[in-house]
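These notes concern the structure reproduced below.
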Amino acid sequence: MTDPHPRPIFARLTIVGLGLIGSSLARRARQDRLAAEIVAWDASEQVRARVAELGIVDRVADDAREAATGADCVVLCVPVGAMAQAASGLLPHMHAGAILTDVGSTKQSVIRELLPLLPDGVRLVPAHPLAGTEYSGPDSGFSTLFDGRWTLLTPLEDGDPAAAAQIASLWQGCGAMTQEMDAAHHDRVLAIVSHLPHLLAFTICGTADDLEGESRSEVLQFAASGFRDFTRIAASDPVMWRDVFLNNRDALLEMLARFTEDAQAMARAIRWGDDAFIVDRIERGRRIRQSLIDLNQA
Ligand code: NAP
């Protein structure tokens with residue numbers, strides 16, 4: 001049988017932004033020879049030096065021009081608010097036929113910002129690996145981050161299917177399962193499964209932090225697992241999450257409004273002692289948790 005992902009998939013793969021996601025991609029691509037040459041570029045001099053020290057790529061470029069020149073695929077792994085700025089330094093040096101892709105957590109905003117910058121012949125394939133931790137920076141990445149996780153591709157309507165297939169191969173080569181999805185649908189789904197939970201985690205930590213005196217110190221001292229789990233999510237990178245919230249504004253505000261209504265319904269049930277309602281909500285939560293375990297996504 002022919003290998004569905006012949007190696008290497010790319011002759012030269014350039015990864016831009018070597019934080020958690022970029023450095024994990026670099027590590028896996030190098031380990032499994034997904035590209036003949038892996039080049040890194042990061043706006044931060046400190047990050048570039050650290051990536052060279054870690055030896056997770058073949059070459060660290062000195063500037064955006066060097067990073068983009070000769071690459072047949074460039075992967076933007078920078079915060080979604082920095083995508084356009086990062087791309088504008090790279091795109092003029094990319095050749096016709098090369099692929100530009102990204103890993104951003106919002107898709108409509110990235111497409112809106114990158115499309116007008118795209119030179120003739122450069123093919124855009126937006127993507128989003130649904131894998132991460134609360135850590136950031138080049139030391140936080142690891143090669144197995146994407147194993148068994150989904151990567152969603154949101155190809156353009158008039159995009160090149162061959163380019164989308166190559167990007168799907170790249171993520172499958174990283175151990176991920178891939179699925180194509182419309183960008184607007186992606187943003188609504190992610191608003192509920194990822195963006196709203198982060199918003200709640202940041203908010204509940206803020207609420208606990210606002211408590212006065214003894215209560216506040218007791219929150220920290222006796223933090224039960226419920227609060228502890230929220231603090232893990234709330235430890236995520238502020239720049240990344242600020243950008244996600246601002247770039248998925250409509251879907252996030254819609255999900256927050258629905259959540260607020262449902263939380264009010266729960267408050268009402270607690271006030272009036274409606275135990276059937278309360279038990280029903282808790283049982284729904286348990287069923288969702290069990291479904292995740294069954295799907296191997298817990
Ligand atoms: P990260 O660890 O903070 O790394 C981002 C890197 O990009 C940093 O080294 C940053 O340098 C660099 N950078 C910023 N602007 C740049 C520019 N204009 N040109 C070149 N490099 C630039 O972030 P991450 O967690 O890997 O997230 C990266 C992307 O993946 C984001 O779009 C995020 O939405 C998406 N994503 C994240 C997760 C997750 O759980 N973390 C999951 C899926 C997708 P400085 O530190 O100097 O700014």
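The values are calculated or read from the model by the stated rules, or taken from the named source; none is laboratory data. Small disclaimer: the values here were computed from a predicted structure and weren't measured. All Cβ positions, glycine included, derive from the backbone under ideal geometry; neighbour counts span all protein chains shown. Just so you know, the surface numbers come from the protein's heavy atoms only, side chains and all, with ligands and any DNA or RNA stripped out. Shrake-Rupley method; radii C 1.70, N 1.55, O 1.52, S 1.80 Å.
Observations on the structure shown:
- Test result for residue 169, assigned by TED's automatic domain parsing to the domain that holds residue 97, among the hydroxyl-bearing types (Ser, Thr, Tyr) and assigned to a helix (DSSP H, G or I): yes
- All of (1) surrounded by 14 or more Cβ atoms within 10 Å (Cβ to Cβ); (2) more than 21 Å from the chain's Cα centre (by Cα) hold for residue 51 with one exception: (2).
- Within the stretch 203-214, the set of residues being of a type in the set (Gly, Ala, Ser) and surrounded by 10 or more Cβ atoms within 10 Å (Cβ to Cβ) comprises 206, 208.
- Of the residues contained in the stretch 27-47, one or more are found to be under 22 Å from the mean Cα position of the chain (by Cα), among the acidic types (Asp, Glu), more than 9 Å from the ligand (Cβ to nearest atom) and in a loop (DSSP other than H, G, I, E, B).
- Residue 207 fulfils the conditions (1) assigned by TED's automatic domain parsing to the domain that holds residue 112; (2) without any contact (Cβ under 8 Å) to a residue 40 or more places away in the chain; (3) of a type outside the set (Lys, Arg) except for a single criterion, (1).
- At least 3 residues being farther than 21 Å from residue 202 by Cβ, open to solvent by 50 Å² or more (accessible area, probe 1.4 Å) and outside the structural domain of residue 146 (by TED's automatic domain parsing) is the threshold, and among the helices (runs of 4 or more DSSP H) wholly inside the stretch 226-298 those reaching it are 249-271, 275-294.
- Test: residue in the stretch 181-202 that is at pLDDT 95 or above, open to solvent by less than 10 Å² (accessible area, probe 1.4 Å) and β-branched (Val, Ile, Thr): no
- Candidates are the residues of the stretch 54-106 that are of a type in the set (Gly, Ala, Ser) and more than 10 Å from the ligand (Cβ to nearest atom); the one that is most open to solvent (accessible area, probe 1.4 Å) is 96.
- Pairs linking a residue in the stretch 109-122 that is in contact (Cβ under 8 Å) with a residue 12 or more places away in the chain to a residue that is assigned to a loop (DSSP other than H, G, I, E, B) and open to solvent by 70 Å² or more (accessible area, probe 1.4 Å), with Cβ atoms under 9 Å and 6 or more positions apart or on different chains, are 119/96; 120/96; 121/95; 121/96; 122/95; 122/96.
- Which numbered condition residue 155 fails, given (1) within 14 Å of the ligand (Cβ to nearest atom); (2) in a loop (DSSP other than H, G, I, E, B): (1)
- For the stretch 64-86, the set of residues classified as under 21 Å from residue 137 (Cβ atoms) and not aliphatic (A, V, I, L, M) consists of 77, 79, 81, 85, listed by residue number.
- Cβ-Cβ contacts under 6 Å between residues 6 or more apart (or on different chains), taken from a first residue in the stretch 81-94 that is under 14 Å from residue 247 (Cβ atoms) to a second residue that is within 13 Å of the ligand (Cβ to nearest atom) and among the hydrophobic types (A, V, I, L, M, F, W, C), are listed as 83/76; 83/110.
- Any hit, the stretch 118-129, residues being in the same structural domain as residue 43 (by TED's automatic domain parsing) and over 20 Å from residue 76 (Cβ atoms): no
- For the stretch 108-151, the candidate set comprises residues that are open to solvent by less than 20 Å² (accessible area, probe 1.4 Å) and more than 10 Å from the ligand (Cβ to nearest atom); within that set, the residue that is farthest from residue 236 (Cα to Cα) is 122.
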